[in-house]
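Asker: So that we are looking at the same thing, I have put the structure below in structure tokens.
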Amino acid sequence: MIGARKSSTVLLGLWTALVLLFLFAPLLLVALFSFNNSEISVLPIREFTLRWYERLAANEAFRTALGNSLLVAGATVVLATTLGLAAATGAHRYAPRLRTAFRSGASLPMMVPHLILGIALLGFYNLAQIELSLGTVIMGHSVVAFPYVFLIVSARLVGFDSSLEEAARDLGAGPARIFWEITLPLLAPAILTAALISFTLSFDEVVVTFFTTGTDNTLPMVIWSMLRVGITPEINAIATLTVVVSCVMAGLAEVVIRRSRQTTVGKGE
Amino acid sequence: MAARKARDFAAASAFLVPPALWIGVLFILPMATMALLSFWKVVDYNIVAEWTLANYERLIRPLYLGIFWRTIKLALIVTFISMIIGYPVAYFLARKTKRFRLTLLVLVILPLWTSYLVRTYAWMLILGTNGAINQTLQALGLTHEPVAWLLYSDFAVTLALVHIYVPFFILPLYAVLEKLDPRLLEAAKDLGGGRWRTFLHVTLPLSLPGIATGCLFVFIPSMGAFVTPELLGGARSIMIGSVVAQQFGVSFDYPLGSAMSLAILAIILVFATLFLRAGKPAGAA
């Protein structure tokens, strides 16, 4: 019996390892090929090189697209985090009975495929005669990221000790002061995580961007249009770079979450 | 007291009105616009505000119906495979390991942070005629010519969609499995239920809500997939997402594309209801 239990655990563990391999091997392959000193992406790799990255660095279109991507992602972070934070704290504090309704409403954009979000925005911009630009892309991305911020901040608010806020209120502090001096610092880890996720969502977004951008390209759009022509080693390099950026963001988020767990535990003791 | 109420109201508005306006203008309004457009006409590449049901009539032509059906089938297959692949992983993470739990969890989440465009592209490198799989097969002498159906096929699209969305299945299921009351499992064991019986009669029914949410999270994006079928699908494996995109990029038939999008949303709503109903905890039924 114990033997059977052990072997089932081993089998499940093996299965998990295989699934993780399935998840990561393709990405590792792309990264490997980005250092391959050959025009075609074929195994085995005989010689390693950095020349695809050098070629990228010299590529004007790439540099512009990188700049655009950073601009769009930065603006998305500011917009989505501010709005999501305001909505989540507002709903939590002033509409406790409507909390579920707010949560369903705020997560609605998450339930719509990006394709449909993109074309809905395109149709709307078109009718409203708003010219497509990076600005319209940013507006679209802010809608994509908003539900994530809302849900992350809301989750943190649930486990939140509201007695601190009440105490401050009883002592006569106004809503603004309570928000700046108590709510915000306590929510900092959630806000940071939400900002990192917003950045990544925007930095990697391609479908909404595809429909709502004017003549300006972001990095994923460059990959997308290059892929329609054919596979080149530069694509491997750009792809690897974007994955590295995402992983750095994920790593930072992980650090923030672990830190906040420690401090919360520390305060409880 | 009244002053405090007024102040609270002002504060509540300050917090809630800007996001409500923003989402209202950039989400609700565009969705409403789309609904409106679906009842309008196109004359000489111009959208004309004249009411018509013609777009919906075109939807039920065999050509489009066929593509809708294909897409639903493919999305369901992707969902099903994700469930089969993902369930054991979620189960292992939640119930079988303590030491590696956090690390493994991070590893399951990490791919979700990376670009799905890049993850789709990776499969072009693997499945292509010069790709990793074909090279391996040929090196091993298993085939002499590259296997052509690997890329640009339903197979490629299904594989890549499972690859991209399986973490979406694992995570909600994990959350449910992790919260399972160990006393229930103990009780089942004490009553003489074997491991399989305990799993089938206790764990599995209790994890249904997690399965339902996971299925939903995989089904929704698969149903609206555009990038993956566009890059990995063949001429015959067209999905509805690509047809919708065509109406906005190439054909300038916004009304037809809008009607199609609403149909996709309706399909998603139907399946969401089905999944969530099937996922009601066994005790509630």
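Asker: State yes or no: is B:Tyr56 over 30 Å from A:Ser104 (Cβ atoms), within 25 Å of the chain's Cα centre (by Cα), modelled with pLDDT under 95 and surrounded by 15 or more Cβ atoms within 10 Å (Cβ to Cβ)?
Answerer: So B:Tyr56 does not fit the description; no.
Asker: Please verify whether segment B:128-142 includes one or more residues that are away from chain A (no Cβ under 11 Å) and assigned to a helix (DSSP H, G or I).
Answerer: Yes: segment B:128-142 contains one or more residues that are away from chain A (no Cβ under 11 Å) and assigned to a helix (DSSP H, G or I).
Asker: On to the next question. Determine whether B:Val243 is within 30 Å of A:Phe210 (Cβ to Cβ), of a type in the set (A, V, I, L, M) and surrounded by fewer than 22 Cβ atoms within 10 Å (Cβ to Cβ).
Answerer: Taking the combined requirement at face value, the residue satisfies it.
Residue-by-condition table, conditions (1) open to solvent by 40 Å² or more (accessible area, probe 1.4 Å); (2) out of contact with any Phe, Trp or Tyr (no Cβ under 8 Å at 6 or more places or on another chain); (3) farther than 30 Å from A:Leu12 by Cβ:
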residue	(1), (2), (3)
B:Ala148	yes, yes, yes
B:Ser153	no, yes, yes
B:Pro172	no, no, no
B:Asp181	yes, yes, no
B:Leu208	yes, yes, no
B:Phe219	no, no, no
B:Phe226	no, yes, yes
B:Pro229	no, yes, yes
B:Gly234	no, no, yes
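Asker: Turning to a different aspect of this structure: Looking for something within 7 Å of chain A (Cβ to nearest Cβ), in a helix (DSSP H, G or I) and open to solvent by 30 Å² or more (accessible area, probe 1.4 Å) - is there at least one such residue anywhere in segment B:158-170?
Answerer: no
Asker: Moving on. Can you confirm whether segment A:144-152 contains a residue that is within 30 Å of A:Phe211 (Cβ to Cβ) and either open to solvent by 50 Å² or more (accessible area, probe 1.4 Å) or at pLDDT below 90 (or both)?
Answerer: yes
Asker: Can you pull out every residue in segment B:46-72 that is under 17 Å from B:Phe248 (Cα atoms), touching a helix residue (DSSP H, G or I) at 6+ places or on another chain (Cβ under 8 Å) and not aromatic (Phe, Trp, Tyr)?
Answerer: B:Ile47, B:Asn55, B:Arg58, B:Leu59
Yes/no matrix, rows are residues, columns are (1) at pLDDT below 95; (2) under 22 Å from B:Leu177 (Cβ atoms); (3) surrounded by fewer than 16 Cβ atoms within 10 Å (Cβ to Cβ); (4) away from chain A (no Cβ under 14 Å):
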residue: B:Asp44; (1), (2), (3), (4): yes, no, yes, yes
residue: B:Tyr64; (1), (2), (3), (4): yes, no, no, yes
residue: B:Ile81; (1), (2), (3), (4): no, yes, no, no
residue: B:Tyr87; (1), (2), (3), (4): no, yes, no, no
residue: B:Ala94; (1), (2), (3), (4): yes, yes, no, no
residue: B:Arg99; (1), (2), (3), (4): yes, yes, yes, no
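Asker: Can you find a residue that is within 30 Å of B:Leu269 (Cβ to Cβ), touching a residue at least 24 places away in the same chain (Cβ under 8 Å), within 11 Å of another protein chain (Cβ to nearest Cβ) and assigned to a helix (DSSP H, G or I) anywhere in segment A:20-28?
Answerer: Taking every residue of segment A:20-28 in turn, none turns out to be within 30 Å of B:Leu269 (Cβ to Cβ), touching a residue at least 24 places away in the same chain (Cβ under 8 Å), within 11 Å of another protein chain (Cβ to nearest Cβ) and assigned to a helix (DSSP H, G or I).
Asker: Look at segment A:213-236 and say how many of its residues are more than 10 Å from every other protein chain (Cβ to nearest Cβ) and in a helix (DSSP H, G or I).
Answerer: The qualifying residues number 5.
Asker: Please enumerate the residues belonging to segment A:228-249 that are open to solvent by less than 10 Å² (accessible area, probe 1.4 Å) and of a type in the set (A, V, I, L, M).
Answerer: A:Ile235, A:Ala237, A:Ile238, A:Ala239
Asker: For B:Tyr116, which of the numbered conditions (1) open to solvent by 30 Å² or more (accessible area, probe 1.4 Å); (2) away from chain A (no Cβ under 14 Å) fails to hold?
Answerer: Single failed check for B:Tyr116: (2).
Asker: Could you list, in sequence order, the residues of segment B:207-256 that are of a type in the set (Gly, Ala, Ser), part of a helix (DSSP H, G or I) and touching a residue at least 60 places away in the same chain (Cβ under 8 Å)?
Answerer: B:Gly210, B:Ala212, B:Gly214, B:Ser222, B:Gly241
Asker: All but one of (1) within 23 Å of the chain's Cα centre (by Cα); (2) more than 21 Å from A:Trp15 (Cα to Cα) hold for B:Gly141; state the number of the condition that does not hold.
Answerer: Single failed check for B:Gly141: (1).
Asker: Report yes if A:Val19 is surrounded by 14 or more Cβ atoms within 10 Å (Cβ to Cβ), under 18 Å from B:Arg119 (Cα atoms) and at pLDDT 90 or above, otherwise no.
Answerer: So A:Val19 fits the description; yes.
Asker: What are the residues in segment A:166-181 that are free of Cβ contacts under 8 Å to residues at least 60 places away in the same chain and open to solvent by less than 70 Å² (accessible area, probe 1.4 Å), if any?
Answerer: Hits for segment A:166-181 are A:Ala167, A:Ala168, A:Gly172, A:Ala173, A:Gly174, A:Pro175, A:Ala176, A:Ile178.
The values are calculated or read from the model by the stated rules, or taken from the named source; none is laboratory data. Computed from a predicted model, the values in this text were never measured in an experiment. Reconstructed Cβ throughout: ideal geometry from the backbone, glycine too, with neighbour counts over all protein chains shown. Ligands, DNA and RNA are excluded from the accessible area calculation, which covers all protein heavy atoms including side chains. Shrake-Rupley method; radii C 1.70, N 1.55, O 1.52, S 1.80 Å.
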